[in-house]
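Participant: Submitted below is the structure of interest, expressed as structure tokens.
The values are calculated or read from the model by the stated rules, or taken from the named source; none is laboratory data. What you see is a predicted model, and the numbers here were worked out from it, not measured in a lab. Glycine also receives a Cβ, built like all others from the backbone with ideal geometry; neighbour counts cover every protein chain displayed. Please note that ligands, DNA and RNA were not included when accessible areas were found on the heavy atoms of the full protein model with its side chains. Shrake-Rupley method; radii C 1.70, N 1.55, O 1.52, S 1.80 Å.
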Amino acid sequence: MSQYGDNPYYGNTGGGGYLAGGSPFGSANGSPGGQLRRAAAQHSLRPVTIKQLHNATQAHSDAEWTIDDAEVGQITVVGQVVSINSQTTNCLYWLDDGTGRIEARHWVDAGTDDDAERWGGITENTYIRVMGSLKSFANKRYINASHLRLIKDPNEIQFHFLETFTVDLIFQKGAPLRPSEASSAGAAANHQGTTSVYNPQSTATGGMEQYAHLPSIQRRIVQFMMSQPHQNEGIHVAAIARHIGGDAQAISDALDRLMDEGHVFTTIDDSHFALST
Amino acid sequence: MTEHVSPRVNAARLGKYIGRTIRLTCKVVRSQGDTAIVQASDGGEVSVRLTQGTHLDGSFVEVIGTVNDAATVKMLACINLGNDLDMDLVNDVVELWHDPRFAKLV
């Protein structure tokens, strides 16, 4: 998305940016709904349950489908095959994932005979994964399947539902934060009174998350350096050694390691260190 | 579409679905005649009344059936899930399935 960030025509407002023509996305149905987000949604693949497909809404018959106000492009469903109806031009699969039933229509390319091999192995009472898009015809919803395959590992069925739940939470609450972002954004979220379940321990570790993987001595050095007032010339190694205590060689080694990994750097001379962040 | 809803359950949740259709992912303990004893994802044992001529093979199966009472299910269909399945994972899915946060999804 960020590559469009500098384009003055596509601000990040996500609305009201209707351009009469010359859309780089070539979308003919230019609704004032933020072309950028539309293009992104169309190229995404969202894991869903069949119930979500039945509850998806469409502003008009040509509009994009939305689930909880989020536009959906491609979808993927995991379900049990209830029945298969093979016809000359297409194959119909009745799918049931426990939340409801929906038909998946897969168009058969008559010219190729590798289809039997690619879509083979699917029988009734097996689980399959279907990828495609949601369609509606005569008030009946179906999946226009572009790809389907047999699920061989039953853990994938569990995975699909967990992924569906996760994606729903992401749409509701935003993406989980990367560890390095967790402290600042987590604190901000707490201010708004909306604690995300994703914020990994937004406790008062004071931005130490990105250093959590380091050995204890290195972590203590970083912690000490963070606690010091910022100075351009950095902190003298003797001050660090005084604070950490213990073996001078161990401290020297730890600083070397921190420097190798880019967490700290030397400033005015080899005995002054500053944090990279 | 409510007639085609079959929630995923474990042994502990069976009692809330008496008379309804459920999906029970389970491990086959033993199978005799038209009854099988299976272990649900929470470890509880459930008795499954099989449909005529069914033989449960493979160690893990998903039974789709109607709940007779809190420990008995009458089988409608059965899906073989092979021999390798993480039952703790299955139980997590069952519990989240009934989590009010995801009521719109399932």
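Participant: Any residue at all in the stretch A:111-124 that is within 14 Å of chain B (Cβ to nearest Cβ), modelled with pLDDT of 95 or more and in a loop (DSSP other than H, G, I, E, B)?
Facilitator: Initial filter on the stretch A:111-124 (within 14 Å of chain B (Cβ to nearest Cβ)): A:121-124.
Cutting the leftovers down to modelled with pLDDT of 95 or more gives us none.
Checked the stretch A:111-124: no residue is within 14 Å of chain B (Cβ to nearest Cβ), modelled with pLDDT of 95 or more and in a loop (DSSP other than H, G, I, E, B).
Participant: Does any residue of the stretch A:75-85 turn out to be part of a loop (DSSP other than H, G, I, E, B) and either modelled with pLDDT under 90 or within 23 Å of A:Asn144 (Cα to Cα) (or both)? If you could, list the steps in order and put the result at the bottom.
Facilitator: Step one: filter the stretch A:75-85 for residues part of a loop (DSSP other than H, G, I, E, B), giving none.
Within the stretch A:75-85, none of the residues are part of a loop (DSSP other than H, G, I, E, B) and either modelled with pLDDT under 90 or within 23 Å of A:Asn144 (Cα to Cα) (or both).
Participant: Moving on. Do any residues in the stretch A:246-273 that are closer than 13 Å to A:Leu214 by Cβ have Cβ atoms under 6 Å from those of residues that are open to solvent by 30 Å² or more (accessible area, probe 1.4 Å) and polar (S, T, N, Q), where the two are at least six apart or on different chains, and which pairs are they?
Facilitator: A:Gly262/A:Ser276; A:His263/A:Ser276
Participant: Go through (1) of a type outside the set (Phe, Trp, Tyr); (2) at the interface with another protein chain (Cβ under 7 Å from one of its Cβ atoms); (3) buried (at least 22 other Cβ atoms within 10 Å of the Cβ) and name the single condition B:Ile79 misses.
Facilitator: (3)
Participant: Does the stretch A:222-240 contain at least one residue that is open to solvent by 60 Å² or more (accessible area, probe 1.4 Å), modelled with pLDDT of 85 or more and within 32 Å of the chain's Cα centre (by Cα)?
Facilitator: Yes, because at least one residue in the stretch A:222-240 is open to solvent by 60 Å² or more (accessible area, probe 1.4 Å), modelled with pLDDT of 85 or more and within 32 Å of the chain's Cα centre (by Cα).
Participant: Any residue in the stretch B:85-92 that is modelled with pLDDT under 95 and within 12 Å of another protein chain (Cβ to nearest Cβ)?
Facilitator: Filtering the stretch B:85-92 for residues modelled with pLDDT under 95 gives none.
For the stretch B:85-92, residues modelled with pLDDT under 95 and within 12 Å of another protein chain (Cβ to nearest Cβ): absent.
Participant: Moving on. Give all pairs with beta carbons closer than 7 Å in which a residue from the stretch A:216-228 that is touching a residue at least 24 places away in the same chain (Cβ under 8 Å) meets a residue that is basic (Lys, Arg); count only pairs at least 6 apart in sequence or on separate chains.
Facilitator: Note: pairs meeting the criteria are A:Gln218/A:Arg257.
Participant: Right, another one. Any idea which of (1) at pLDDT below 95; (2) more than 12 Å from chain A (Cβ to nearest Cβ) is the one B:Lys74 doesn't satisfy?
Facilitator: Status for B:Lys74: all satisfied but (1).
Participant: Hey, among A:Gln42, A:Gln52, A:Gln58, which residue is modelled with pLDDT of 75 or more, touching a strand residue (DSSP E or B) at 6+ places or on another chain (Cβ under 9 Å) and more than 23 Å from A:His160 (Cβ to Cβ)? Walk me through how you get there before you give the answer.
Facilitator: Numbers: A:Gln42 fails: more than 23 Å from A:His160 (Cβ to Cβ); A:Gln52 fails: more than 23 Å from A:His160 (Cβ to Cβ).
A:Gln58 is the lone residue from the list that is modelled with pLDDT of 75 or more, touching a strand residue (DSSP E or B) at 6+ places or on another chain (Cβ under 9 Å) and more than 23 Å from A:His160 (Cβ to Cβ).
Participant: Conditions: (1) more than 9 Å from chain A (Cβ to nearest Cβ); (2) within 23 Å of A:Lys51 (Cβ to Cβ); (3) in contact with a strand residue (DSSP E or B) (Cβ under 7 Å, 6 or more places away or on another chain). B:Asp69 meets all but one. Number of the miss?
Facilitator: (2)
Participant: For residues in the stretch B:1-20 being farther than 21 Å from B:Lys104 by Cα and of a type in the set (Gly, Ala, Ser), which is nearest to the chain's Cα centre (by Cα)?
Facilitator: Here the answer is B:Ala11.
Participant: Can you name every residue in the stretch A:136-162 that is open to solvent by less than 70 Å² (accessible area, probe 1.4 Å), among the aromatic types (Phe, Trp, Tyr) and over 17 Å from A:His106 (Cβ atoms)?
Facilitator: A:Phe161
Participant: Also, I was wondering about something else. Being assigned to a loop (DSSP other than H, G, I, E, B) and either touching a Leu at 6+ places or on another chain (Cβ under 8 Å) or in contact (Cβ under 8 Å) with a residue 12 or more places away in the chain (or both) is the filter here, so list the residues in the stretch B:45-58 that pass it. Break it down stepwise before answering.
Facilitator: Taking the stretch B:45-58 as the starting set, the residues that turn out to be assigned to a loop (DSSP other than H, G, I, E, B) are B:50-58.
Selection gives B:Leu50, B:Thr51, B:Gln52, B:Thr54, B:His55, B:Leu56, B:Asp57, B:Gly58.
Participant: Also, I was wondering about something else. Considering A:Asp168, A:Asp247, which residue is in the same structural domain as A:Ile268 (by TED's automatic domain parsing), at pLDDT 65 or above and not small (Gly, Ala, Ser)?
Facilitator: Working: A:Asp168 fails: in the same structural domain as A:Ile268 (by TED's automatic domain parsing).
Matching residue, one of A:Asp168, A:Asp247: A:Asp247.
Participant: Moving on to the next point. What's the total number of residues in the stretch A:40-55 that are surrounded by fewer than 19 Cβ atoms within 10 Å (Cβ to Cβ) and in contact (Cβ under 8 Å) with a residue 24 or more places away in the chain?
Facilitator: Of the residues in the stretch A:40-55, the ones surrounded by fewer than 19 Cβ atoms within 10 Å (Cβ to Cβ) are A:40-45, A:54-55.
Remaining after also requiring in contact (Cβ under 8 Å) with a residue 24 or more places away in the chain: A:40-45, A:54.
Of the residues in the stretch A:40-55, 7 are surrounded by fewer than 19 Cβ atoms within 10 Å (Cβ to Cβ) and in contact (Cβ under 8 Å) with a residue 24 or more places away in the chain.
Participant: Another question about this same structure. Please pick out the residue among B:Asp92, B:Asp42, B:Asp84 that is open to solvent by 20 Å² or more (accessible area, probe 1.4 Å) and in a helix (DSSP H, G or I).
Facilitator: Values: B:Asp42 fails: in a helix (DSSP H, G or I); B:Asp84 fails: in a helix (DSSP H, G or I).
Just a single option satisfies the conditions, and that option is B:Asp92.
Participant: Still on this structure, I have one more. If I go through the stretch A:56-68 residue by residue, how many of them are open to solvent by 80 Å² or more (accessible area, probe 1.4 Å) and of a type outside the set (S, T, N, Q)?
Facilitator: Residues meeting the conditions: 4.
Participant: Which members of the stretch B:10-32 meet the condition of being touching a residue at least 12 places away in the same chain (Cβ under 8 Å), more than 14 Å from every other protein chain (Cβ to nearest Cβ), open to solvent by 50 Å² or more (accessible area, probe 1.4 Å) and outside any helix (DSSP H, G or I)?
Facilitator: Narrowing the stretch B:10-32 to residues touching a residue at least 12 places away in the same chain (Cβ under 8 Å): B:10-15, B:17-29, B:31.
Among the residues that remain, those that are also more than 14 Å from every other protein chain (Cβ to nearest Cβ) are: B:11-12, B:14-15, B:18-19, B:29, B:31.
In the following step, the residues that additionally are open to solvent by 50 Å² or more (accessible area, probe 1.4 Å) were identified as B:12, B:18-19, B:29.
Result: B:Ile18, B:Gly19, B:Val29.
Participant: So, of the residues in the stretch B:96-106 that are exposed (fewer than 15 other Cβ atoms within 10 Å of the Cβ) and in a helix (DSSP H, G or I), which turns out to be farthest from the other protein chains (Cβ to nearest Cβ)?
Facilitator: Checked the stretch B:96-106; the qualifying residue farthest from the other protein chains (Cβ to nearest Cβ) is B:Pro100.
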